[in-house]
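First the structure, in the form of structure tokens, and then the observations on it.
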Amino acid sequence: MKIAIIGAGIGGLSAACLLSAEGHEVHVFEKNFNFGGKMNVFKKDGFRFDTGPSLFTMPYILEKLYQKCGRELSRELNLTPLSPITRYFYQDGTLFDCFDDKELTLREINKIAPEDTDSFLRFLDYAEDIYQKTAEAFIFNPLFDVTDFRNLDVLSFFGIDAFSTVSKRVDTHFKSEYLRKFFKRFSTYNGSSPFLAPATLNVIPHVEINQGGFYIDGGLYTLAQNLHEIATSQGTVFHFDADVHRIEVINKKAKGVRVNEDFFESDLVISNSDATETIVHLLDDKVASPSKKKKAGSIEPSCSGFVLLLGINKRYDQLVHHNVFFSEDYEREFAQIFQEKVMPDDPTIYIADTSQSNPEHAPDGGSNLFILVNAPYLSKNYDWTDKALRYGEFIIDELEKRGLTKLRESIVVKEIITPQDFYDKYASNKGSIYGTSSNNKFSAFVRPRNKYRGIDGLYLVGGSTHPGGGIPLVVQSALNAVELISRFDS
């Protein structure tokens, strides 16, 4: 079959690898000049920055993709476990290192919250139990038609803690505010609020702590480069600066795409563009009704992010590869992001310093700091036009107050990425960076499926679709789409 893929993000790259490995003629159309989507790279004056994901989990999903392409993940990429995985900084000066070695983490907990050491182990058992009940039923299941739902264990649904929130469940397990804040942090991995998201998301600590968090040697963009190489070697053709502005549908069947005013005919279309953007802007009103477009437009996106890339001429001994500087009032921070839709005035600040693992990412013993603050998705409540530079200066001031002394005077390279940039460059729904939010107990069931209902031959992949955001789940969305293609279009 001749297949058109819209977007060369991780979902599009994964689908291209899988389908070209099956012998299909695959063409990928990317509006930008390079592949990777939000997983990308920025280089300047000897500094190198990953501009997207910075932590890799669930490698067994990627291993499955590589096996289907006749490759071995271990031969293609060097996955490096980090020790510690992340260092956490609290505003009273307390430090907490989290390891994938439970004994080392328990030693850390004994220093700051000895009353919660047993609770820590019980919570990880609870998180693992959620994983066992959700993995096959929800993550690895396309959840498309009756055959998929027939295999669901209804009792398991009531055991995944969907009717509480992340915050409430964490508070019942832990006495220490240190541990409470630590475990509430994980729901932000898919752009959701711990005070709104179902406690099902407490599965994430199991994925990171029990299964392990990894770095890809050379930077995570290496994954995008490797997927591009695999797809290309299998015959995939990539078209860059190729802006798809319409999916052509005839008699309820996707027949190709309009690219820069030219028509490209194909047997199937896979969209790695945001699902909301695909439905609202790439489908004609005659094939996607106003009610469907309204429903798609009402899907709550995940939060966005404000990114500050700082190349500096020094190293900070207190930093490790992954670092989190907590806000004082976590609940207020998320209320500002999700209810008020403004930037937090006391933000939690994440820093990835890949020069800790790859010193060549910064020249002359310097550091490349990828700094991320959770931000509201785009709305009329916050205009980035005249606020980006000021907020960047505010973050630098905050980091100096929180221990990175003389940061401003050490800056060699500075770049800012705002939610508006994410929308303009990647057409993500309202500038979101994790796809669809999970601030709903039924989010697993309401995400757009990997096959579009009502149009034959149209499939959806990426973080805005089932099963969710983050590298492994986006790869799984491609695996789901290819399974559905074999079911409906083989």
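The values are calculated or read from the model by the stated rules, or taken from the named source; none is laboratory data. Since this is a predicted model, take the numbers as computed values, not measurements. FYI the Cβ positions are ideal-geometry reconstructions off the backbone, even for glycines, and counts take in every protein chain you see.
Within region 32-122, which strands (runs of 3 or more DSSP E) (wholly inside it) include 2 or more residues that are hydrophobic (A, V, I, L, M, F, W, C) and surrounded by 20 or more Cβ atoms within 10 Å (Cβ to Cβ)?
47-50, 95-98
Just one of 314, 294, 341 is assigned by TED's automatic domain parsing to the domain that holds residue 413, charged (D, E, K, R) and free of Cβ contacts under 8 Å to residues at least 60 places away in the same chain; which is it?
341
For region 1-58, what are the residues that are in contact with a helix residue (DSSP H, G or I) (Cβ under 9 Å, 6 or more places away or on another chain), among the charged types (D, E, K, R) and more than 23 Å from residue 485 (Cβ to Cβ)?
Passing the criteria: 31, 38, 45, 48, 50.
When you look at residue 134, is it closer than 20 Å to residue 217 by Cα, out of contact with any Cys (no Cβ under 8 Å at 6 or more places or on another chain), in contact (Cβ under 8 Å) with a residue 60 or more places away in the chain and hydroxyl-bearing (Ser, Thr, Tyr), yes or no?
Considered against the rule, which asks whether it is closer than 20 Å to residue 217 by Cα, out of contact with any Cys (no Cβ under 8 Å at 6 or more places or on another chain), in contact (Cβ under 8 Å) with a residue 60 or more places away in the chain and hydroxyl-bearing (Ser, Thr, Tyr), residue 134 comes out as no.
Only one of these is in contact with a Ser or Thr (Cβ under 8 Å, 6 or more places away or on another chain), in contact (Cβ under 8 Å) with a residue 24 or more places away in the chain, surrounded by 22 or more Cβ atoms within 10 Å (Cβ to Cβ) and closer than 19 Å to residue 351 by Cα: 434, 459, 377. Name it.
Residue meeting the stated conditions: 434.
Out of all the residues in region 398-426, which are assigned to a strand (DSSP E or B) and under 24 Å from residue 342 (Cβ atoms)?
414, 415, 416, 417
Quick one: what pairs do we get from region 142-154, first residue more than 17 Å from residue 486 (Cα to Cα), second at pLDDT 80 or above and surrounded by 11 or more Cβ atoms within 10 Å (Cβ to Cβ), C-beta under 6 Å, 6+ apart or different chains?
152/137
Do you know which residues across region 330-350 are assigned to a loop (DSSP other than H, G, I, E, B) and either modelled with pLDDT under 95 or among the aliphatic types (A, V, I, L, M) (or both)?
342, 343
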